[in-house]
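Report on one structure; see the data block that follows.
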Amino acid sequence: MPMSSGAIRERFVPLRNAFRSARLLLAAKAALAVGIAWALAPHMPGVTDEYPYYAPLGALLSMYPTLMESAKSGVQTLLGLVVGIGLALAVVVTVGPNWWTIPLVAGIGVLLSGTGWFGVGREYVPIAALFVLIIGGQDSDDYSLGYLTQMAVGVAVGLAVNLLIAPRVLTGVAAARVDSFRGQLAAHLHEIGDAVSDSWPPERDGWVRDAAALADTSREVRQALDEADASRKGNPRAMRGRHDTSDVHDRLESLERIAVRIRDISEALADAIWERPGGLGLDPKLAEPLSEACRRVADCIEQDEDDSADAHRSRESAARAVRVLLDAVDQVSVSSGQTIGPGALICMHLRRILLLLRARE
């Protein structure tokens, strides 16, 4: 069975991610750092020049998308090496490497790596210990010195390259993701309004699946913003104030709260329409005012940052539509004798969304 165009595009997403500009820059910097480290390694003093292959490894291990991650990973890797080498040398100067001390040191190294003290360098605690005991052998002192020194040279080269060719500050990317998230929330609320007004009960159910995806989207946008904050730390490109993310954080926090209310609206409406367990019936008379209120509030979400006269009129129109829905809910409650129902809950959420938008304004 042939794949759809959407499935084909999904297959190529990892490939596109691998060739994004930020990833290409990281690959070029990693190649440059490895080349410089390999060129410098044979010129190190003493016996350390006998172990040049560890310098490119150190350069590679210190190459991360952000400067802070590079510095942190470099320090953690060297710390793991120091502890692992220390374990091995303790064995060398006491009982020596044999059939039971080598496995014992490996086990101790694995235990220490699980403490969380070494971060990304945790795996190098047992690895460094084994390398010193097995590869170093009778020259464990020289090997340890060369191993640690050359790794340190590589880490230093990697940090220098990452600093001189500073990675991109991701504030703009995160801000664009937040704007896209706002558009998605508005589109989802529009879709609810359209589905309710097209027929009763609504025949379209795509908005139910979209509601479940809002939480995943929110987490992805939050992760993008965290990455933007990390890209600013220690980055010379972030010295200017235009990369500040405080306003983006405020916008995302407001949108996350709005997303929770839109998901509640979707779930309450779906429970009522398809008579799910725990769902309460929704009077068909509320379909039209509910649809209008959802559409008008969705317009306000789209115009969150807009301060024009049209935007103010749109907010007033949304407030009126929500009041009309509240009046309709009151009338249905009086005629049916039921005060609890999804209409009241949806009305409360729509009003809360408008209050959140006004607070942002």
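The single condition among (1) more than 28 Å from the chain's Cα centre (by Cα); (2) open to solvent by 70 Å² or more (accessible area, probe 1.4 Å); (3) over 14 Å from T149 (Cα atoms); (4) modelled with pLDDT under 90 that P45 does not meet is (3). Against the condition touching a Lys or Arg at 6+ places or on another chain (Cβ under 8 Å) and surrounded by fewer than 19 Cβ atoms within 10 Å (Cβ to Cβ), how does M68 come out, does it pass? For M68, the condition - touching a Lys or Arg at 6+ places or on another chain (Cβ under 8 Å) and surrounded by fewer than 19 Cβ atoms within 10 Å (Cβ to Cβ) - is met.
Here is a yes/no grid of residues against (1) closer than 16 Å to E191 by Cα; (2) of a type outside the set (A, V, I, L, M); (3) modelled with pLDDT of 90 or more; (4) touching a strand residue (DSSP E or B) at 6+ places or on another chain (Cβ under 9 Å):
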| residue | (1), (2), (3), (4) |
| --- | --- |
| D271 | no, yes, no, no |
| P277 | no, yes, no, no |
| K285 | no, yes, no, no |
| R296 | yes, yes, yes, no |
| L325 | no, no, no, no |
| S333 | no, yes, no, no |
| I340 | no, no, no, no |
| G343 | no, yes, no, no |
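Within region 103-135, count every residue that is of a type in the set (A, V, I, L, M) and open to solvent by 40 Å² or more (accessible area, probe 1.4 Å).
Of the residues in region 103-135, the ones of a type in the set (A, V, I, L, M) are 104-106, 108, 110-112, 120, 125, 127-130, 132-135.
Now restrict to residues that are open to solvent by 40 Å² or more (accessible area, probe 1.4 Å): 104, 108, 110-112, 120, 127, 130, 134-135.
So the count comes out to 10.
When you scan region 88-101, how many residues do you find that are open to solvent by 40 Å² or more (accessible area, probe 1.4 Å) and not aromatic (F, W, Y)?
Keep residues of region 88-101 that are open to solvent by 40 Å² or more (accessible area, probe 1.4 Å), which gives 89-90, 92-95, 97-100.
Okay, now just the ones that are also not aromatic (F, W, Y), so 89-90, 92-95, 97-98.
Here the count works out to 8.
For region 166-201, a tally of residues being under 17 Å from the mean Cα position of the chain (by Cα), hydrophobic (A, V, I, L, M, F, W, C) and outside any helix (DSSP H, G or I) returns 2.
Can you tell me which residue is nearest to the chain's Cα centre (by Cα) among those in region 113-165 that are on the phi > 0 side of the Ramachandran plot and in a helix (DSSP H, G or I)?
Initially, region 113-165 is screened for residues on the phi > 0 side of the Ramachandran plot, giving 116, 119, 137.
From the residues that got through so far, the ones that are in a helix (DSSP H, G or I) too are 119, 137.
Working: G119: 19, G137: 45 Å.
Among them, the one singled out is G119.
For region 156-179, what are the residues that are at pLDDT 85 or above, open to solvent by less than 60 Å² (accessible area, probe 1.4 Å) and of a type in the set (V, I, T)? The answer is V157, V161, V178. Taking every residue in region 66-89 that is within 11 Å of S144 (Cα to Cα) and pairing it with any residue that is outside any helix (DSSP H, G or I) and open to solvent by 10 Å² or more (accessible area, probe 1.4 Å), at least 6 positions away or on another chain, the pairs with Cβ-Cβ distances below 9 Å are A88/P97.
Among residues of region 136-154 being among the hydroxyl-bearing types (S, T, Y) and closer than 15 Å to G74 by Cα, the one that is surrounded by the most Cβ atoms within 10 Å (Cβ to Cβ) is Y147.
The values are calculated or read from the model by the stated rules, or taken from the named source; none is laboratory data. As the structure is a prediction and not an experimental result, all values here were calculated from the model. Note that we place each Cβ from the backbone using ideal geometry, even for glycine, and neighbour counts take in every protein chain shown. For accessibility, only protein heavy atoms count, side chains too; no ligands or nucleic acids. Shrake-Rupley method; radii C 1.70, N 1.55, O 1.52, S 1.80 Å.
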